[in-house]
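First the structure, in the form of structure tokens, and then the observations on it.
The values are calculated or read from the model by the stated rules, or taken from the named source; none is laboratory data. Because the structure is predicted, anything quoted here is derived from the model rather than measured. Backbone-built Cβ (ideal geometry, glycine too); neighbour counts: all protein chains shown.
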Amino acid sequence: MNKRLLIVEDDDNLMDLMLDYCEELNVTAIPAVDGTSALAKALAEKPDAATVDYRLPDMSGMDVIHRLKKDPATAAIPLFLLSADAKLHETEAKKAGAAGVLLKPVSPDGLRAALNGCWGNE
């Protein structure tokens with residue numbers, strides 16, 4: 001794929017898993033462990049997509065999505081909310097402009113399908 005994915009996840013084990021998936025998919029990972037660093041990295045690094053954990057230490061994943069979608073510099077980035085209860089947060093995430101909601105823990109096939117949905121089969 002050769003694209004760049006911002007991964008916003010504060011759990012070390014899940015971050016490691018997502019980093020492994022990115023390597024398998026030939027996607028460059030941009031890790032962020034909280035909302036503040038995610039917002040800064042999204043502006044500085046211009047990722048091709050982002051996965052955002054619902055629960056972060058400094059703000060909610062929904063706050064991150066709202067802020068990224070509100071900023072013209074990051075509004076076009078496809079965002080996927082990561083949640084242990086995807087059905088519960090799906091409507092809220094879609095209203096905020098998320099491309100979708102992924103159930104945690106995400107599988108490599110689930111991540112591939114989500115990314116292919118926004119990038120096509122590149």
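What to note about this one:
- A Cβ distance below 6 Å, combined with a sequence gap of six or more or placement on separate chains, defines the contacts here; from region 70-83, residues that are more than 13 Å from Val8 (Cβ to Cβ) reach residues that are in a strand (DSSP E or B) and not polar (S, T, N, Q) in the pairs Pro78/Ala49.
- Qualifying residues in region 21-42 (those that are of a type in the set (D, E, K, R) and in contact (Cβ under 8 Å) with a residue 24 or more places away in the chain) - the one surrounded by the fewest Cβ atoms within 10 Å (Cβ to Cβ): Glu24
- Identity of the residue in region 43-56, crowded, with 16+ Cβ neighbours inside 10 Å and among the charged types (D, E, K, R), that ends up farthest from Arg67 (Cα to Cα): Asp48
- Residues that are part of a helix (DSSP H, G or I), modelled with pLDDT of 95 or more and either in contact with a Pro (Cβ under 7 Å, 6 or more places away or on another chain) or surrounded by 13 or more Cβ atoms within 10 Å (Cβ to Cβ) (or both), drawn from region 68-110: Leu68, Lys69
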